[in-house]
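Remarks on the structure that follows.
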Amino acid sequence: MDPFVAEAATPLLHSTSSDTSSDADDNTPAPSYTFDLKQIGFRCDFLSKSPSGYCPYRQLAVLSGHIGSVSCLAMCGEFILSASQGKDIIVWQQPDLRVFTRFGHGEGSVKAVVTVGSKVFTAHQDGKIRVWKVSRRSENNFRLVNTLPTAKDYLADGKIKAWGRKKQEEEQEQEQEETHCLLGILEGHKDESMNCVVVSGDGKWVYGGISDGFLMGWEKTGESVSCWKVVWERRAHKMAVLCVCLMGEFLCSGSADKSIGIWRREAFGRLCKVGVINGHDGPIKCLQVAPNGVGEGFLLYSGSLDRSLRVWWVSKASAMGVGALVAEDSKKAVVSF
């Protein structure tokens, strides 16, 4: 057996936080993770040449257990949450990537997951948004605390709308109330849906994925509604782009063509393709990047219609000047539940 295969079955991460009994109700920052190079036998030829070029990634694990296709991912402190069309949400424990708990059964297919502090918000097929509280004090670690009725939104017009908050003063109560106003509309391709959007940390760059396989980028050039301009667009995939995520200057795009594109942001917001990840047996529905770097790279989680969640280590070093890369699929560790 390849030594790397045996070594990859062991935990690849360890937390630098020693407090394992802290309560998640205290909005404490997520623990930092480090990549133990000695533990996995990191070798100098890790990025050696192969018939397909340099290898900018390694597949660390395949996590299965969902009864439906994986629809969305979110980081929640030390956990990674994966939700599915099968109504279940699985909480994976870092660093060993084991199932910690499940919640959300029978509440309608999960369409989106967002975490804020000790709260988890889930959007469901039944038109409801459910709010869950994260706590370590009881056996019910993810407890449903509220359900929000919502009005359905049919804005499938192939555009990205930018919204901002403004304060207006009420005459009677003399109190300031925050409202939302439309700041701009970013036009995509005619008759094509805009499937996903991501914004850079400084708010200057916006990237969207389109159903025709294109990625588009916009730059914010001012504060007025019209101060957005297209700075880049390119056919990124053979089929629709379904999800995007950012990690610093790197953008990852997932597609219905079952591949993940790795892009690096360059001057003027343009993207340069530096890698392609293959391995899933179905369209890539969601992507999530771990907030902390690992060695000379970062951890990327991908969820697919093949019902699996895959964990990748993506090298930053190999993407800094190698050029266009197409990496081999290296199916190493498989963890099933």
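Regarding segment 246-268, can at least one residue be identified that is over 20 Å from the mean Cα position of the chain (by Cα) and touching a residue at least 40 places away in the same chain (Cβ under 8 Å)? Among the residues of segment 246-268, at least one is over 20 Å from the mean Cα position of the chain (by Cα) and touching a residue at least 40 places away in the same chain (Cβ under 8 Å), which makes the answer yes. All told, Gly41 meets the bar of being open to solvent by 20 Å² or more (accessible area, probe 1.4 Å), modelled with pLDDT under 70 and either of a type in the set (Gly, Ala, Ser) or touching a Phe, Trp or Tyr at 6+ places or on another chain (Cβ under 7 Å) (or both). Checking each residue in segment 262-285 for being of a type in the set (A, V, I, L, M) and touching a helix residue (DSSP H, G or I) at 6+ places or on another chain (Cβ under 9 Å) picks out Ile262, Val274. The condition (being touching a residue at least 40 places away in the same chain (Cβ under 8 Å) and among the small types (Gly, Ala, Ser)) is satisfied by just one residue among Gly203, Gly208: Gly208. Scanning segment 258-287 for residues that are buried (at least 19 other Cβ atoms within 10 Å of the Cβ) and under 17 Å from Ala61 (Cβ atoms) yields a count of 7.
Residues of segment 219-239 that are modelled with pLDDT of 95 or more and surrounded by 20 or more Cβ atoms within 10 Å (Cβ to Cβ): Ala236, His237.
May I ask you to verify whether Gly208 is at pLDDT 95 or above and either among the aromatic types (Phe, Trp, Tyr) or open to solvent by less than 40 Å² (accessible area, probe 1.4 Å) (or both)? So Gly208 fits the description; yes.
The values are calculated or read from the model by the stated rules, or taken from the named source; none is laboratory data. Model, not experiment: these values are computed from the prediction. Note that we place each Cβ from the backbone using ideal geometry, even for glycine, and neighbour counts take in every protein chain shown. These accessible areas exclude ligands, DNA and RNA; they are computed on the full protein's heavy atoms, side chains included. Shrake-Rupley method; radii C 1.70, N 1.55, O 1.52, S 1.80 Å.
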